[in-house]
Amino acid sequence: MLKSFCIVMISTVIVLSGSLPAQSGTQDTGRVVEIDVPASALDGNLLGTPTTQGAAVYLPRSYDRQPDRRFPVVYLLHGIFDDYGTWIGHFKVPAILDRLIADANMPELIVVMPNAGNRYGGGFYRNSPVSGNWADYITKDLVDTVDGRFRTLANAANRAVVGHSMGGYGALHLAMEHPGVFSVVWAMSPCCLAPDEDLGFGNEAWRRVAAITGPDALQDLLAYRDFYALAILGIVTAFSPDPDAAPIYGDFPFDIVRGEVVLDDDAFDRYRDAFPVRQVRDARENLRNLRGLGMGVGLGDQFLHIPAGTLAFSQRLGTERIPHRLDLYAGDHRQQIGERLENIVFPWVGERLIVAE
């Protein structure tokens, strides 16, 4: 458990001028294996999401050379409309891990990169009768599969969760609502901490989604690839699901009256209660028991609710005297993610994991 309250603000921008080639599986590098994961937690979801999911697993260089050794594990959660290929192909995570381990800037560990997408971009790592029990999938199906198949240190003290955007939200949500699985958490540009700014009902996309009355209109919206509308479908089915409200299967806390949004105050209050900024007090003991809690956000993030929500969440953490680290930097939603993983996030997380068997 962390012993003191601290908020660290970092404004220095670190830009790397090059990167090494992706790891090749030699004795000096790790290797990545792709696995199928049975996802019983997604049984019965109404979006047609498969109940077998893919994941990529980074195994450090000593995994094959020391067959009796067990390793701590970091779970790396992707953002909306992404998959584990984003970590591997775009952010070059395996090469980052190879460099950090080779330079002794973090311990050798296993990194698990699951897929968590659906037809609306993702289930936000929440349990929902509509989009499926994604929180249970990560904390039970996936963790059990990884611990059963690989030589992990299978306890919370040796297990961390890191995520970006939707995955950053997921990391915080799992720490708050599913304690005893992870002991170290870092959220990178976490979305959806509060339904404000571009996530609020002033965004015209809410009207477009609320206007859908049949499957043809829903299919047209999906085919058009309207980002905000699709993200709102994902949010509604994860945060405010209604299995009886076809074709969207979501409960809107407002009505459209002569083209204007008219809030139902009680329903809107319940809706806001589903977001982390309002959940900190109830989850404070779970958060206080973490060995490390960190967040970082670029102040130039084009999704305006993200910096606003991250700052509001940090303020609530401070009010509840929950130790955490907050990094603020000049950058947008995806700039510097690879650099920050290498220079800040992975070393910080690795330092806080217990690595002894």
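Could you list the trypsin sites (Lys or Arg not before Pro) in segment 18-120 that lie in coil according to DSSP, counting only those with at most 16 other Cβ atoms within 10 Å of their Cβ? Provide the component values of the computation, followed by the final result.
On the way: sites: 31, 61, 65, 69, 70, 92, 99, 119; in loops: 61, 69, 70, 92, 119.
Answer in residue order: 69, 119.
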Review point. Between rounded, prolate and oblate, where does segment 247-348 land on the alpha carbon gyration tensor, with a ≥ b ≥ c its root eigenvalues, rounded for a/c under 1.5, else prolate if a/b exceeds b/c?
Key: oblate
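Select from segment 275-357 those trypsin sites (Lys or Arg not before Pro) which occupy a DSSP coil region and have at most 13 other Cβ atoms within 10 Å, ordered by residue number. Don't skip to the answer; put the middle values down first.
On the way: sites: 278, 281, 284, 288, 291, 316, 321, 325, 334, 340, 352; in loops: 281, 291, 321, 334.
Within segment 275-357, the qualifying trypsin sites (Lys or Arg not before Pro) (loop, at most 13 other Cβ atoms within 10 Å) are 281, 321.
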Revision key, fill the gap. Note: residue 219 to residue 285 extended length (0.36 nm per residue) minus current alpha-carbon separation gives 19.4 nm
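State, as an integer percentage, the relative contact order of the chain based on alpha-carbon contacts under 8 Å between residues 6 or more apart.
Details: 719 pairs, mean separation 78.9, N = 357.
Rounded, it is 22 percent for the chain.
Over segment 199-271, calculate the relative contact order: mean separation of alpha carbon pairs under 8 Å at least 6 apart, over the residue count, as a percent.
Values: 65 pairs, mean separation 18.6, N = 73.
Over segment 199-271, the number comes to 26 percent.
Taking the DSSP beta bridges in the chain as the whole, what percent of them are antiparallel, to the nearest 5?
Details: 19 of 43 bridges.
Bridges in the chain are about 45 percent antiparallel.
Taking other Cβ within 10 Å of each residue's Cβ, how do 83, 103 sort, fewest first? Intermediate values should be presented prior to the final figure.
Details: 83 19, 103 9.
In increasing order of surrounding Cβ atoms, one gets 103, 83.
Figure the gain on full extension for residue 105 and residue 272 (residue separation times 0.36 nm, minus the Cα-Cα span) and round it to one decimal in nm. Could you put the intermediate results ahead of the total?
Values: separation 167, 0.36 × 167 = 60.12 nm, distance 4.03 nm.
That works out to 56.1 nm of additional length.
Taking Cα pairs under 8 Å and at least six residues apart, what relative contact order does segment 295-336 come out at, in percent? Mind dumping the intermediate values first?
Details: 44 pairs, mean separation 26.0, N = 42.
Reported relative contact order: 62 percent.
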**Study point:** Loop-located trypsin sites (Lys or Arg not before Pro) in segment 199-262, at most 10 other Cβ atoms within 10 Å (DSSP)
**Key:** 225, 258
Review point. Under the rule of -39500 (n - 2.57) per DSSP H run of 4 or more residues, summed and divided by the residues of the chain, what mean residue ellipticity at 222 nm is obtained, to the nearest 500 deg cm²/dmol?
Key: -8000 deg cm²/dmol
Study note, to complete from the structure: With T = 25 °C, eta = 0.890 mPa s and Kirkwood Rh from C-alpha pairs, the Stokes-Einstein D of the chain in µm²/s is about 118
Study note, to complete from the structure: Quick calc: nm separation of the 7 Å Cα→Cβ label points for residue 226 and residue 208 -> 0.4
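When the dipole is taken about the Cα centre of segment 199-271, and only Lys, Arg (+1) and Asp, Glu (-1) are charged at their Cβ, what size is it in debye, to the nearest 20? Don't skip to the answer; put the middle values down first.
Working: 5 positive and 13 negative charges, 66 e Å.
My answer is approximately 320 debye.
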**Study point:** Pairwise centroid distance, computed over Cα atoms, of segment 319-356 with segment 116-177, Å
**Key:** 19
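Just subtract the alpha-carbon distance of residue 144 and residue 262 from 0.36 nm times their residue separation and send over the number in nm, one decimal. If you can, show how the numbers build up before the last one.
Details: separation 118, 0.36 × 118 = 42.48 nm, distance 4.52 nm.
That pair, residue 144 and residue 262, stretches by 38.0 nm at full extension.
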Practice item. Please report the Cα spread of segment 199-271 along all three principal axes, rounded to whole Å, starting with the longest. Key: 33, 25, 20
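For a footprinting-style exposure proxy, rank 204, 342 by other Cβ within 10 Å, fewest first. Present the calculation step by step, with values, prior to reporting the outcome.
Numbers: 204 11, 342 24.
By the 10 Å Cβ count, ascending: 204, 342.
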Check your understanding: So how far, in whole Å, is the C-alpha centre of segment 270-286 from the one of segment 39-82?
Key -> 27
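Each reported figure results from applying straightforward, stated rules to the coordinates on display, with no laboratory input. If you're wondering where the values come from, they're calculated on a predicted model, not measured in any experiment. Neighbour counts are summed over all protein chains in view; Cβ atoms, including those assigned to glycine, are modelled from backbone coordinates with ideal geometry.
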